[in-house]
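Enquirer: Take this structure first; my questions come after.
The values are calculated or read from the model by the stated rules, or taken from the named source; none is laboratory data. Because the structure is a prediction, the values reported are computed rather than measured. When we count neighbours, we look across all protein chains shown, and the Cβ atoms used for this are built from the backbone with ideal geometry, even at glycine.
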Amino acid sequence: MKNPDGYVYRVGQRLGRRWAVRHEPVVFVRVEEGAHLVEPRLGSALSELSVRQRSVVVMVHGLGWTHVETAEFLGLSTSTVQKHLERAVAHLRNALGVDLAP
């Protein structure tokens, strides 16, 4: 590859455009002081995941990427992305004490 920096730039540009088309503009709102926007223990629970599992969770749930986009970016198969996501979400539910049973 003659220009790896140019390649990374183009890939980021393409993915950014795709993301912008699928999502509405970001709107910022004032939040009361002391209010939590996310579960306070989420950071420590995420840090317990493997790097790959954490990457998949952030890309799919945090950034709204599809499994195909995530797999393409990470160089994995979509089934591998799905498995990492399932295991990571199960770990996060357990770590945060979330019970889905009715």
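Enquirer: Mind listing whichever residues of region 70-100 are aliphatic (A, V, I, L, M) and under 14 Å from the mean Cα position of the chain (by Cα)?
Expert: Ala71, Leu74, Val81, Leu85, Ala88, Val89, Leu92, listed by residue number.
Enquirer: Listed residues Val31, Val21, Val68; which is of a type in the set (Val, Ile, Thr), exposed (fewer than 12 other Cβ atoms within 10 Å of the Cβ), at pLDDT below 80 and under 28 Å from His84 (Cα atoms)?
Expert: Criteria check complete, one pass: Val21.
Enquirer: Hey, can you tell me all the residues within region 61-102 that are in contact with a His (Cβ under 7 Å, 6 or more places away or on another chain) and either among the acidic types (Asp, Glu) or on the phi < 0 side of the Ramachandran plot (or both)?
Expert: Listed by number, the residues that qualify are Thr78, Val81, Gln82.
Enquirer: Taking into account only those residues within region 34-48 that are modelled with pLDDT under 85 and surrounded by fewer than 10 Cβ atoms within 10 Å (Cβ to Cβ), which is farthest from Val58 (Cα to Cα)?
Expert: Here the residue is Gly34.
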